[in-house]
Each structure stands twice: as structure tokens, then as C-alpha cells.
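Report on one structure; see the data block that follows.
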Amino acid sequence: MATVKLHNVNKVYDGGVHAVHDFTIDINDREFIAFVGPSGCGKSTTLRMIAGLEEISYGEFYIDDVLMNSAAPKDRDIAMVFQSYALYPQMTVYDNMAYALKLRKVPKAEIDRRVKEAAAILKLTPYLNRKPRALSGGQRQRVALGRSIVRRPKVFLMDEPLSNLDAKLRVAMRSEIVRIHNEVGATTIYVTHDQIEAMTMATRIVVMKDGFIQQIGEPNEIYQHPVNLFVAGFIGTPAMNFLYGKLENGVFTPNGSEQTIKMSDDQMSLLKNYVNHGMVYGIRPENLIFQDDERFERYKDYSFSMKVEIIELLGDILNLHGKVGDNKVIIKMPNKYAVKVGDTIKMAIELPYARFFNKTTTNAIVEGHNDYEEIEVTKSLDEDNVTIIAKEKKGLAKLFDKLSKKK
């Protein structure tokens, strides 16, 4: 199939709106890449630049190491599946799938072979003589996929193709798309705002916010090791709990609470530069251990209490909502414990899954990269005496250079 490379790709609209900033990624042959992020983050704009539907303001875009910035959409050998099915209502399934090939003057026998081959992959063979109005939503989406498959493009682009389907059908279609991708073997770029779709389908995920890439990685890598508060809060259902507070004397005190959470020796070693400074304690709801769980004893020294305010019953799972001081907290646990609204429960933190973030920069605090402590810097410039709090050690050289230019 194809490799795809984007190097410092930017999109700037008239009026100076900068929608995509320095987007850089190398996509391998046959990879399934998902662009995920909230509405307005630039993911669909990036996809449209790849398709040629939006002009790249600056930067470079390659398919198989061939520069494609100025290539017309029809010359990029790309097929795109949109949010709407966009099927021709007067045509049968067969004719919808064959239409693009007919326009390209592909021989009739070859068209017939490709359509029937794609129909078999998509399990549409019994419906080839039906028109779209006689199909379900999932079948129509498969026809839209089939129309792309028969062209045998180098790259498939999918822009939120499941957003119009109901929840049950979305789950079924997720597995269908993954199966089709594995059978066809095409390089696929998939845009979605649904982090569950991205986590369950992609080989790698690109998390975006405000036009910037936040993190690129395999789904479990991003889930277990988010690089900042945004990624940690966006990926995962329910979202990661964030406890804002103060670290001192070997304990963490959540804001607005008299409770303290004991810190392990390893944690204190990691966080030694953050004593009395801004820090956020992150822990996912499923990594809080309920007091009646047999694992609680192991981590009981790292526990805290919470009054249950809301209970969400999700079949075999309970989500208990409450507060610890000023911080909202959710614990996700099996539906086998008797808990009522108003109960005060105790929960322990499963230490290996605790994550820490710098409150000011929002970056994750990890071993070997603790360069975000606050440092007071004073530099005299002529009559001015400038005092600045530098947020990153590595930024001091740039800071001094910037100040010197003010002379």
C-alpha cells in the first residue's frame, strides 16, 4: 500500500486563524492511525489537507516519499469515507460501488470482479440489487466503505464515519472496520472525537488539542503514560481523577481537605523538587481499591475517605462519585458491594498506577525529566530590575537571551 509523511504541516486561514500547528508524523505502510480530540482541535482539517480538499499553508506532505502538496485530489490515490454515506439513492448497491470505476473507464469484467470481491469482504453480496433506502444504517456505511475499497487506493481516509449510527451499531461497525482493514491491508487514517473508537481500533493514536499534537503513541502507551493533564483527562472512561493539593512532610494534602495521603519513598524521590510547589496527583477510577476488596490490605497505608454522592450502575460496574475536599473523585469497581448514596467509604490508591503532573505546565512528572521546578531568576537590565519565575530549567538560556534583547 503506502507510507504517509507529514512534516511541519500548518493550516492558516484568511484572517490569521491558525487551525493546525507543525503537524509531524510518519505513518507506516498498512498502519491504522486515529486522529482524536475535541471538536475544533484540527483533526478533520488535517485529514482534508491530506485528501487535497484543503490547501496546506506550509509544511510538506508525502505519499511513498513523493511530495504531494500541489497534487490534485484525484492524483493522490486516496479514498475518503465521510460522516454521511453520500450514496446515490436511485442506484443499486452494485452501481453505487461500481460508479467510480465506470468513470475511470475500467473494463466491465474488472469492475464486476472488484465489486463482488468487495461485497464479499463487506458481507454485502445478498444486497447488491437493493437500493440504499432498503438498507440499514450499518449496511449503508458498509456500501460507502465498499465504494472506496473497489478503487484500491493507497490510503483510506475516514472522517467520523460512525457518528450517525446508534450506540449498538457503532460497536458492531468498529469491529467490522478493523476486520476490513486487516483483510484489505490498506494504510488507514481515521478521524474521531470518540476516544473509545480510537482506543479499540487504531495501532497508533494522535491526540490533538487546539491544532497541536499532544501525544502520539500506541493506545495502551497513551492510556498508561499520558504526557500531560489534557491527554490524561481525555483518554479513559471515566476520566482520570485529578487531586490538586500540596506535598510536604511525606504526605499529600488535597485542597480543601484535612485528610492526608501518604506518599511512598519512590514517590517522594520522584517529587522531591515539588515539595510546597504546584502538583497534581492523578489516579484512574479503576485504580482506586474499595475498602472491601481483598487488594485493599496491600495499599491501605495509601488510602483516603469519600462520601458517596452519586452512584452510576453500568451492569457489572459501579461508578461512585464524591468529593475529597475541593476535588471531584470517581471510583470504578465491580457491582458486588452494597453501597448507598450518603455512605462514607474508604479507598486505597494502587501505587503503580499513580501519575503526577506539574500544575503550572500541566506536563507529566516522570523519572529523568523533572525539569519543571520553579526557579527565581533576577537579571539587571539598565535601570530595570527584572525578576522572573522560570517554569523550565531548559528554558533559562532562551529567557536570558530574550531579556538581553530588551536592552
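The values are calculated or read from the model by the stated rules, or taken from the named source; none is laboratory data. The model shown is predicted, which means the values in this text are computed figures rather than measured ones. As a convention, Cβ positions derive from the backbone with ideal geometry for all residues, glycine included, and neighbour counts pool all protein chains shown. With ligands, DNA and RNA removed, areas are computed over all heavy atoms of the protein, side chains included. Shrake-Rupley method; radii C 1.70, N 1.55, O 1.52, S 1.80 Å.
The protection proxy used here, the mean number of other Cβ atoms lying within 10 Å of each residue, ranks peptides 91-98, 64-71, 251-258, 111-118 as follows, highest first: 91-98, 111-118, 251-258, 64-71. Compactness of region 236-370 was expressed as the Cα radius of gyration divided by 2.2 N^0.38 Å, which yields 1.04. Dividing the summed helix terms, -39500 (n - 2.57) for each DSSP H run of n ≥ 4, by the number of residues in the chain produces a 222 nm estimate of -7000 deg cm²/dmol to the nearest 500. Region 133-157 to region 30-45: how many Å between their Cα centroids? Spelled out, the Cα-based centre of one part sits 20 Å from the other. Under 15 Å of direct C-alpha separation, and excluding same-chain neighbours fewer than eight residues apart, LYS332 reaches these aspartates and glutamates: GLU286, ASP292, ASP293, GLU309, GLU312, ASP316, GLU350. With Cα atoms as the point set, region 273-345 shows a radius of gyration and Dmax of 13.4, 43 Å.
The alpha carbons of region 59-102 occupy a box of 41, 23, 15 Å along the principal axes, longest dimension given first.
For LYS340, the accessible area of its heavy atoms, probed at 1.4 Å with every protein chain present, is near 130 square angstrom.
With protein chains left intact and a 1.4 Å probe, residues in the chain average 49 Å² of accessible area per residue.
Beyond 21 Å in Cα-Cα separation lie the following of the pairs LYS11/LYS154; LYS209/LYS272; LYS102/LYS154; LYS262/LYS346: LYS11/LYS154; LYS209/LYS272. For the chain, which whole percent of the accessible surface, found with a 1.4 angstrom probe, sits on carbon and sulfur atoms? Carbon and sulfur: 49 percent of the exposed surface of the chain. Along the axis of the charge dipole computed for the chain (Cβ charges of +1 for Lys and Arg, -1 for Asp and Glu, origin at the Cα centre), the listed residues ASN358, THR45, VAL227 are led at the positive end by THR45.
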